Amino acid sequence: MPTRPATALALLALLAACADQQPTRTGFLDAAAPVAAAAPAAGHHAFLIEEVVFRPAPGAVQNPGEDDAAALVAAYRAALDAAFAPRFARAAAAGPGVLRVRAAITGYARADVVLNVLATPLLGPVSNGGAATEAEVLDGATGHRVAVLAAARNEHLFTTGPFAYYRGLAMAEQALARLAQDLADRVPATAIATAAATGPEGR
């Protein structure tokens, strides 16, 4: 028969709040100037990360620690930069040929590190993490929408490996990195100008 500690850990595992991030509709996307969905994109050669904010949806974490919010915003901004930089130059200001990137973190879940440490000897880590976002890419001259994303990811052992279970925000940060890449991948290939059109911005 299972020992009492083993039984207790099993119950803890069953009660653990696994990440259950879902796509959100906070109004962040509607807060921008009116845009035309899926406007044709051509000749874009640069990008500008215009806004990255923490804007939790109803039911999400409402009052995270300042450190959590700051760390996630910084991680998401860096991930967006890394996702767009291979295809576009960095711009200092919006304008013709520039893609404006707006993004909000609308939910996140930490891995419960203490629970994972306690559960690991018998069950393995049981508490994962994830994140949700609403984001869009706009034409820098017209405001027309080039790409949009309202999505969430819940990471797990096969997407992050085991070590992320023992770092509270690691899975949320990795989820945001994959969501950033998803947004960049939605920008049509026709949005890329020739190398000769990249101008003076540089990478």
Restricting attention to region 62-70, does a residue exist that is surrounded by fewer than 22 Cβ atoms within 10 Å (Cβ to Cβ), of a type in the set (Asp, Glu) and either under 17 Å from LEU176 (Cβ atoms) or at pLDDT 85 or above (or both)?
-> yes
Selected residue (only one of ALA196, ALA170, ALA184 is more than 17 Å from LEU48 (Cβ to Cβ) and modelled with pLDDT of 90 or more) | ALA170
Single match in GLY124, GLY143, GLY130 (criterion: modelled with pLDDT of 85 or more and closer than 23 Å to ALA75 by Cα) | GLY130
Determine whether region 89-97 contains at least one residue that is of a type in the set (A, V, I, L, M, F, W, C), more than 19 Å from the chain's Cα centre (by Cα) and at pLDDT 95 or above.
-> yes
Yes/no for ALA92 being in a helix (DSSP H, G or I) and either crowded, with 18+ Cβ neighbours inside 10 Å or not basic (Lys, Arg) (or both) | no
Of the residues VAL148, VAL126, which single one is surrounded by 15 or more Cβ atoms within 10 Å (Cβ to Cβ) and closer than 28 Å to GLU51 by Cα?
-> VAL148
A careful count of residues in region 151-175 that are without any contact (Cβ under 8 Å) to a residue 24 or more places away in the chain and under 12 Å from the mean Cα position of the chain (by Cα) gives 1
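Within region 127-144, which residues are out of contact with any Ser or Thr (no Cβ under 9 Å at 6 or more places or on another chain) and more than 12 Å from TYR166 (Cβ to Cβ)?
GLY130, ALA135, GLU136, VAL137, LEU138, ASP139, GLY140, ALA141, THR142, GLY143, HIS144
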With respect to VAL73, determine if the residue is farther than 18 Å from ASN154 by Cβ, crowded, with 17+ Cβ neighbours inside 10 Å and at pLDDT below 70.
-> no
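Would you pick out the residues in region 57-89 that are out of contact with any Ser or Thr (no Cβ under 6 Å at 6 or more places or on another chain) and part of a loop (DSSP other than H, G, I, E, B)?
PRO58, GLY59, ALA60, VAL61, GLN62, ASN63, PRO64, GLY65, ALA85, PRO86, ARG87, PHE88
The values are calculated or read from the model by the stated rules, or taken from the named source; none is laboratory data. Note that the structure is a prediction, hence the values are computed from the model and not measured. Every residue, glycine among them, receives a Cβ derived from its backbone with ideal geometry; neighbour counts consider all protein chains shown.
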